[in-house]
Amino acid sequence: MLILLPPSEGKTPATAGNAVDWTTLSFPGLNANRATVLEGLGTVSAHEDALALLGVGASLRADVERNTRLHAEPAAPAHQVYSGVLYDALDYNSLTPAQRKRADECVLVISALWGAIRFGDRVPAYRLSMATALPEVGRLASFWKPQLNAALASSTEGELLVDCRSSTYAAAWTPPPPQTVAVNVFTEVNGARKVVSHFAKHTRGEFARHLLARRGKAPQTPAQLEKAAAEKWTAELVEGTARKPHTLNLILPN
């Protein structure tokens, strides 16, 4: 089983330590592409219209300025750098050592800057959305899609892929549908379902934590995943097709 997560938009910078060592990152075949994106990000972030080009507000000026010196910024494990609603709900630090080991092995973060990384990979805090277009790179989801198809094929072969990404990050890589289960979150009132956003992030974080912390073998099929989800939520599995992934709907009480 592999759990696919988006990064958080906000990140917690490391206060000390060495800069990123590219030779230690997972999927080293992506390093040339990472360098291309990093160069483009640095160029845009140094521009006088950087905030507008990156689609962020003035309150994030310091984050954008940090983008210009990421080669030298202190790095920390991804599970520390990524913060926000989903990662707070996953709460890596409160997992047992065995559960953290499982998380380091099972979680893949699809990133606008790094392509794909694991929780133990040490990276600096940065500000970049997958929806951004960079000079000489173009829209990042389109740039990364063929690169991730090649880089992730062997490591994901035969694995059940639990897709907890947002649509923005799902656009950067389409895993094989028969082995993929996309996780959606709804509330239900009087039989009518409503998609939720904030609580979807929180619930996906809780669901990822549940899969990492529960006893027993990890789910290996969509049906087993539905059974694991039903231990804590009202869950409904919608079967996929050769071209469309399975969908696991988690229904929250109103």
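What to note about this one:
- The modelled label-to-label distance between S94 and A19, using points 7 Å beyond Cα along the C-beta direction, is 3.7 nm.
- Per-residue HN-Hα couplings for segment 176-188 [Karplus 6.51, -1.76, 1.60; θ = phi - 60°; Hz; x = Gly/Pro]: x, x, x, 9, 10, 10, 7, 9, 10, 10, 9, 9, 9
- Each residue of the chain gets 134 Å³ once the volume of the Cα convex hull is shared out per residue.
- Packing order of peptides 175-187, 201-213, highest average first: 201-213, 175-187 (average count of other Cβ atoms within 10 Å over each peptide's residues).
- Close amide H partners of A19, meaning residues 5 or more places away or on another chain with modelled amide H under 5 Å apart, are A75.
- In terms of distances greater than 27 angstrom between alpha carbons, the cross-link table entries K101/K227; K11/K145; K101/K201; K11/K244 yield K11/K244.
- Whole-number percent relative contact order across the chain, with pairs defined as alpha carbons under 8 Å at least 6 apart: 24
- When the charge dipole of the chain is built from unit charges on Cβ atoms (+1 for Lys and Arg, -1 for Asp and Glu) and taken about the Cα centre, the candidate among W173, V56, P135 whose Cα reaches farthest toward its positive end is W173.
- Calculated on the Cα set of segment 154-212, radius of gyration then Dmax: 13.3, 45 Å.
- Summed over all non-identical Cα pairs, the Kirkwood treatment of segment 77-119 gives a radius of 10.8 Å.
- Residues of segment 140-162 with amide N under 19 Å of a point placed 7 Å along Cα→Cβ from T36: 140-153
- Three-way shape label, segment 39-143, alpha-carbon gyration tensor, a/c 1.5: prolate
- Other residues lying with their Cβ under 11 Å from the Cβ of T203 contribute a combined charge of +3, Lys and Arg counting +1, Asp and Glu -1.
- Gyration tensor (alpha-carbon) shape descriptor, segment 118-164, a/c threshold 1.5: oblate
- Point-to-point label distance, E188-T234, nm (Cα→Cβ direction, 7 Å offset): 0.4
- Think of a 1.4 Å ball rolled over the protein heavy atoms: the chain then has 47 Å² of accessible area per residue.
- Placed amide H near L160: partners under 5 Å, 5+ positions off or other chain: L2
- Value of [θ]222 nm, deg cm²/dmol, for the chain, DSSP H segments ≥ 4, -39500 (n - 2.57) each, nearest 500: -10000 deg cm²/dmol
- Ordering of 2-9, 81-88 by packing is 2-9, 81-88, highest average first (other Cβ atoms within 10 Å, averaged per residue).
- Legend: calculated FRET efficiency, I251 to A58, from the Cβ-Cβ distance at R0 = 30 Å, rounded to 0.05, equals 0.15.
The values are calculated or read from the model by the stated rules, or taken from the named source; none is laboratory data. These figures come from a predicted structure and were not determined experimentally. Every residue, glycine among them, receives a Cβ derived from its backbone with ideal geometry; neighbour counts consider all protein chains shown. Ligands, DNA and RNA are stripped out before the accessible areas are found, and what is left, the full protein with its side chains, is counted by its heavy atoms. Shrake-Rupley method; radii C 1.70, N 1.55, O 1.52, S 1.80 Å.
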